[in-house]
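The next block holds one structure in the form of C-alpha cells; read it before the comments.
The values are calculated or read from the model by the stated rules, or taken from the named source; none is laboratory data. Nothing here was measured: the structure is a model prediction, and the numbers come from that model. No Cβ is skipped: glycine too gets one built from the backbone with ideal geometry, and neighbour counts run over all protein chains shown.
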Amino acid sequence: MQAGGTPGAGGTIAFVGCGNLGFAILERALAAGAMPATEVTVVEPDAARRDHARALGARATERLADARAAGTVLLAIKPQQFETVAGSLGPLTDATRVVSVMAGWTGATIHDRLGRGPRVVRAMPNTPVRHGLGFTAIAAGPRAGEDDLAAAERLFGAVGATGRIDESLMDAAVSAVGSAPAYLFLLAEAQVAAAVGMGMDPALARAATAQTMLGAATMLAKDGRTPEELRAEVTSAGGTTAAATRVFEDGGVRELVARAMRAARDRSRELGR
Ligand SMILES: NC(=O)c1ccc[n+]([C@@H]2O[C@H](COP(=O)([O-])OP(=O)(O)OC[C@H]3O[C@@H](n4cnc5c(N)ncnc54)[C@H](OP(=O)(O)O)[C@@H]3O)[C@@H](O)[C@H]2O)c1
C-alpha cells in the first residue's frame, strides 16, 4: 500500500501543479459542475495557491505522495519540473489514470518515469478554458482505454470543446491548439496598432478588435460555413476588403502562417522527451 491512501480511488482527481492553466481548468470545471470540489486535491508548493484551492472547497497539500490516492492525476506542472515530480509521485499502478497537459513529455516516457504502471492520457488545452471556451486535443498514451479518453473528454469538455488525435500529432497540437491563441493576440496587436495609426482611440480600437474577433469566431463556429465562404461574403470585387486581402496575399500570409506553425511544432519536438 502506498502512502497517501487507497491508490487510484474512484472519481477523485489530484491536480499536480496548479498554476495558470491548472487553476483555469479547476475553477471552470467546478463552476460547470464537472466534479464536486470535495473530490479534488491540489498539490502545490506555493502556500497562496494552496489557500486559493481550499477557498474553492478543494483539499490542498504540498506532499506529492498524497496525489497517489486519486483516481486521476492531472499533471499541470511545467515540463522541466516533471523529472523531480516523478521521483516523489511514482511509482503509480494501473489503478491511476494520469492526464498530462505538459508539452514535450511523451506518454511513453511519462509512463516509464512513473513506474510503468499508470494509464496515460495526453491533453493539449489552450488558455480560453478560463472562460469555458478552450479547445483540448486528447490522445491515448500507454495503457489508456476508451474509459480514460472519455473521462478526459468529460473534464476538458466542461471547459470547452475537445477532439481526439493520435499521439504522434501532439507536437502539431501544441502548435495548432496550445500556442494558437497567441497568434490571434499577435494579429489583434497589429490591428489595434494600425487602427491607432489611422487616428482611432486606442481603447475603442481594442474593443472593436476584440468584439470583431469574437463575432468572427462565433460565425466560424456556429454558421456551418467554411472560412473561405465567410470571407467571400464580406468581399466584393473591387471593394475595401478585397484591397486589404490582396495585401495579405501578396505578402505571403498563408506561407507565413504555415512557417510559424511548423516552427512551434518543431520546437515542441525539440523539447520532447
Ligand atoms: N499555458 C498554456 O497556454 C498551456 C497550454 C497547454 C499546455 N500547457 C502546459 O501546462 C503546464 C502548466 O503550464 P502553466 O502555464 O500553468 O505553468 P505554471 O503557471 O508555472 O504552473 C505550474 C505549477 O506547478 C507548480 N509546481 C512546481 N513544482 C511542483 C511540485 N514539485 N509539485 C507540485 N506542483 C509543483 C508550480 O509552482 P511554482 O510556480 O512554485 O514552481 C506552478 O504553480 C505546462 O506543462 C505547459 O506545457 C500550458
Legend entry - Selection status of residue 19, farther than 19 Å from residue 119 by Cβ, at pLDDT 95 or above and within 13 Å of the ligand (Cβ to nearest atom): yes
Legend entry - region 256-273, residues that are in contact with a Gly (Cβ under 6 Å, 6 or more places away or on another chain) and under 13 Å from residue 173 (Cβ atoms): 272
Legend entry - Only listed residue being of a type in the set (Gly, Ala, Ser), assigned to a helix (DSSP H, G or I) and outside the structural domain of residue 100 (by TED's automatic domain parsing), chosen from 242, 152: 242
Legend entry - Check on residue 172, within 16 Å of the ligand (Cβ to nearest atom) and surrounded by 13 or more Cβ atoms within 10 Å (Cβ to Cβ): yes
Inset, instruction - With the condition kept exactly as written, say whether any residue in region 79-97 is in a strand (DSSP E or B), within 11 Å of the ligand (Cβ to nearest atom) and at pLDDT 95 or above. - result: no
Inset, instruction - Determine which single condition residue 136 fails, assuming it passes every other condition in (1) at pLDDT 95 or above; (2) out of contact with any strand residue (DSSP E or B) (no Cβ under 7 Å at 6 or more places or on another chain). - result: (2)
Inset, instruction - Would you mention how many residues in region 32-48 are at pLDDT below 95 and over 17 Å from residue 71 (Cα atoms)? - result: 2
Inset, instruction - Could you list, in sequence order, all residues of region 119-150 that are of a type in the set (A, V, I, L, M, F, W, C), out of contact with any Gly (no Cβ under 6 Å at 6 or more places or on another chain) and surrounded by fewer than 21 Cβ atoms within 10 Å (Cβ to Cβ)? - result: 140, 149, 150
Inset, instruction - Answer with yes or no whether residue 118 is near the ligand (Cβ under 8 Å from one of its atoms), within 22 Å of residue 26 (Cβ to Cβ) and in the same structural domain as residue 65 (by TED's automatic domain parsing). - result: no
Inset, instruction - Tell me, please, whether a residue that is within 13 Å of the ligand (Cβ to nearest atom) and in a strand (DSSP E or B) can be found in region 105-113. - result: no
Inset, instruction - Could you tell me whether any residue of region 53-64 is near the ligand (Cβ under 8 Å from one of its atoms), touching a strand residue (DSSP E or B) at 6+ places or on another chain (Cβ under 8 Å) and more than 25 Å from residue 138 (Cα to Cα)? - result: yes
Inset, instruction - Determine, yes or no, whether residue 168 is more than 23 Å from residue 119 (Cα to Cα) and hydroxyl-bearing (Ser, Thr, Tyr). - result: no
